[in-house]
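Chemist: This is the structure, below, for whatever I ask next.
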Amino acid sequence: MLERISYYIRKYESVILYLIFGMLTTLVNFAAYHICYTKLQFPNLVSNTIAWILSVLFAFITNKIWVFKSKNFGLSKLAQELFAFVTARLFTGFLDTAIMFVGVDLLKRNWIIAKIVSSVVVVILNYIFSKLFIFRKNKE
């Protein structure tokens, strides 16, 4: 039984780590937004942008080191990977901002509810984009 569990953990290690660090990235996003919006009293969209930047940087670092185990830390390669990673998340970042704008600024809903809705949409889309476009080479 333990051998079978160990086999599946090894087989799906990157997926498991992607999910774990994805949850942690969401926590970074929520915490940064909460601090900026409720404690520092920044406007909604400023708070959301800061939270997005911090969570994308966190996701990049954790994905590079632990999920995909990229060992190349040369400045050129690092810049190339960071650019590709950020570019791939710009669409969902804009979508996140739009959902927060509509939910908080236009509909006057609680920021936590808007953030949960936004996070669910963003996580699903980031996974789909990663699976279909960014990490597709792993299957070829």
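Chemist: For the chain, what is the calculated [θ] at 222 nm in deg cm²/dmol (nearest 500), taking -39500 (n - 2.57) for each run of four or more DSSP H residues and dividing by its residue count? Walk me through the numbers before you get to the answer.
Modeler: Numbers: 5 runs with 96 residues, N = 140.
Counting only the DSSP helices, I get -23500 deg cm²/dmol.
Chemist: Please give, to one decimal in nm, the separation of the simple spin-label points placed at ILE113 and ILE61, each 7 Å out from Cα toward the Cβ.
Modeler: Going from the ILE113 label point to the ILE61 one covers 3.5 nm.
Chemist: Sticking with this structure for a sec: Quick one: if you stick a label point 7 Å off each Cα along the C-beta vector at VAL120 and ARG10, how many nm between them?
Modeler: 3.8
Chemist: May I ask for the net charge around PHE83, where only other residues with Cβ less than 12 Å from the Cβ of PHE83 are counted and Lys, Arg are +1 while Asp, Glu are -1?
Modeler: Working: positive: LYS77, ARG89; negative: GLU81.
My count for the surroundings of PHE83 gives +1.
FYI, it's all coordinate maths here, none of it is from the lab. Remember, it's a predicted structure, so these values are computed and weren't measured experimentally. Every residue, glycine among them, receives a Cβ derived from its backbone with ideal geometry; neighbour counts consider all protein chains shown.
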